[in-house]
1. Test G141 against the stated conditions and say whether it is under 14 Å from the mean Cα position of the chain (by Cα) and more than 12 Å from V39 (Cα to Cα).
2. Within the group N83, N56, N52, which residue is of a type in the set (S, T, N, Q), in a helix (DSSP H, G or I) and in contact with a strand residue (DSSP E or B) (Cβ under 8 Å, 6 or more places away or on another chain)?
3. Filter region 108-154 for residues that are of a type in the set (S, T, Y), part of a strand (DSSP E or B) and surrounded by 17 or more Cβ atoms within 10 Å (Cβ to Cβ) and give the result.
4. For region 32-46, name all the residues that are open to solvent by 60 Å² or more (accessible area, probe 1.4 Å) and more than 18 Å from T107 (Cβ to Cβ).
5. Name the single residue that is surrounded by the most Cβ atoms within 10 Å (Cβ to Cβ) among those in region 70-80 being outside any strand (DSSP E or B) and touching a helix residue (DSSP H, G or I) at 6+ places or on another chain (Cβ under 8 Å).
6. Does any residue of region 61-69 turn out to be touching a helix residue (DSSP H, G or I) at 6+ places or on another chain (Cβ under 7 Å), buried (at least 17 other Cβ atoms within 10 Å of the Cβ), in a loop (DSSP other than H, G, I, E, B) and at pLDDT 95 or above?
7. Report yes if K104 is in a loop (DSSP other than H, G, I, E, B) and open to solvent by 50 Å² or more (accessible area, probe 1.4 Å), otherwise no.
8. Filter region 87-98 down to residues that are open to solvent by less than 20 Å² (accessible area, probe 1.4 Å) and farther than 18 Å from Q147 by Cα and give me whichever is nearest to the chain's Cα centre (by Cα).
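The values are calculated or read from the model by the stated rules, or taken from the named source; none is laboratory data. This one's a predicted model, so the numbers in the text were calculated from it and none came from an experiment. Ideal geometry is used to build each Cβ from the backbone, glycine not excepted, and the neighbour counts take in all protein chains shown. Quick note on the areas: whole protein, heavy atoms, side chains included, nothing else; ligands and nucleic acids left out. Shrake-Rupley method; radii C 1.70, N 1.55, O 1.52, S 1.80 Å.
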Amino acid sequence: DSVVNKNITQTAKTTVDSTTGQPATVRNFEFDAKDQQYVAIVLDKVDPVFINEAKNAFNRYNQVNFYNQKLALTPVKLNDRYNLILIGPFADAAVAVAYVDKTKPVTGSRIVPWLTAEKYSYTIISQSNLDVLKETKDVDGYKQLLQKALPGQF
């Protein structure tokens with residue numbers, strides 16, 4: 001299994017303290033496949049009404065298709081452009097990727113048919129990386145990390 005033993009680090013964009021010109025903090029994204037992972041649906045420029053509807057739609061889908069698992073859904077607003085819907089946590093990256101593999105093919109037709117494909121994407125994220133992402137808002141940097149860790153998966 002290619003997901004099991006990958007540890008990858010990606011430096012997130014740093015914030016600069018404009019009073020001193022020095023970086024205030026440097027936080028790194030670190031991927032460890034053994035960490036608990038959330039599946040995150042990344043919503044790009046989606047109206048808040050549709051974010052709530054998407055959350056409800058994924059909840060209904062999970063109750064039917066993953067009725068034996070308690071999957072919490074949590075909306076997270078990163079900035080004006082990006083919102084996340086977190087599903088999980090899952091035991092590790094392999095279990096989270098298995099969820100994505102089952103769910104992704106039916107997302108556009110059965111779960112959120114009102115959203116066009118360019119408005120959402122899937123990713124997996126650990127709590128520590130989520131904390132860095134909330135601070136840095138560097139969605140592209142995190143996507144680069146996942147491309148290195150799990151090529152072609154997301």
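1. Values: under 14 Å from the mean Cα position of the chain (by Cα): yes; more than 12 Å from V39 (Cα to Cα): yes.
Spelling it out, G141 is indeed under 14 Å from the mean Cα position of the chain (by Cα) and more than 12 Å from V39 (Cα to Cα).
2. Values: N83 fails: in a helix (DSSP H, G or I); N56 fails: in contact with a strand residue (DSSP E or B) (Cβ under 8 Å, 6 or more places away or on another chain).
Testing whether each residue is of a type in the set (S, T, N, Q), in a helix (DSSP H, G or I) and in contact with a strand residue (DSSP E or B) (Cβ under 8 Å, 6 or more places away or on another chain) leaves just N52.
3. Initially, region 108-154 is screened for residues of a type in the set (S, T, Y), giving 109, 116, 120-123, 126, 128, 136, 142.
Filter once more, so that each one left must be part of a strand (DSSP E or B): 120-123.
Correct list: Y120, Y122, T123.
4. We begin by selecting, within region 32-46, every residue open to solvent by 60 Å² or more (accessible area, probe 1.4 Å); these are 34, 36, 45.
Answer for region 32-46, where residues must be open to solvent by 60 Å² or more (accessible area, probe 1.4 Å) and more than 18 Å from T107 (Cβ to Cβ): K34, Q36.
5. In the first step, residues of region 70-80 are kept if they are outside any strand (DSSP E or B); the result is 70-71, 78-80.
Cutting the leftovers down to touching a helix residue (DSSP H, G or I) at 6+ places or on another chain (Cβ under 8 Å) gives us 71, 78.
On the way: L71: 20, L78: 17.
So, considering only residues that are outside any strand (DSSP E or B) and touching a helix residue (DSSP H, G or I) at 6+ places or on another chain (Cβ under 8 Å), the one surrounded by the most Cβ atoms within 10 Å (Cβ to Cβ) is L71.
6. Applying the first criterion (touching a helix residue (DSSP H, G or I) at 6+ places or on another chain (Cβ under 7 Å)) to region 61-69 yields 61.
The next check asks that each one be buried (at least 17 other Cβ atoms within 10 Å of the Cβ); those that pass are 61.
Checking which are in a loop (DSSP other than H, G, I, E, B) leaves us with none.
For region 61-69, residues touching a helix residue (DSSP H, G or I) at 6+ places or on another chain (Cβ under 7 Å), buried (at least 17 other Cβ atoms within 10 Å of the Cβ), in a loop (DSSP other than H, G, I, E, B) and at pLDDT 95 or above: absent.
7. Values: in a loop (DSSP other than H, G, I, E, B): no; open to solvent by 50 Å² or more (accessible area, probe 1.4 Å): yes.
No, not satisfied.
8. Going residue by residue through region 87-98, those that are open to solvent by less than 20 Å² (accessible area, probe 1.4 Å) are 87-88, 90, 93, 96-97.
With farther than 18 Å from Q147 by Cα added as a condition, the list becomes 87-88, 90.
Numbers: I87: 9, G88: 11, F90: 12 Å.
Applying the filter and picking the extreme gives I87.
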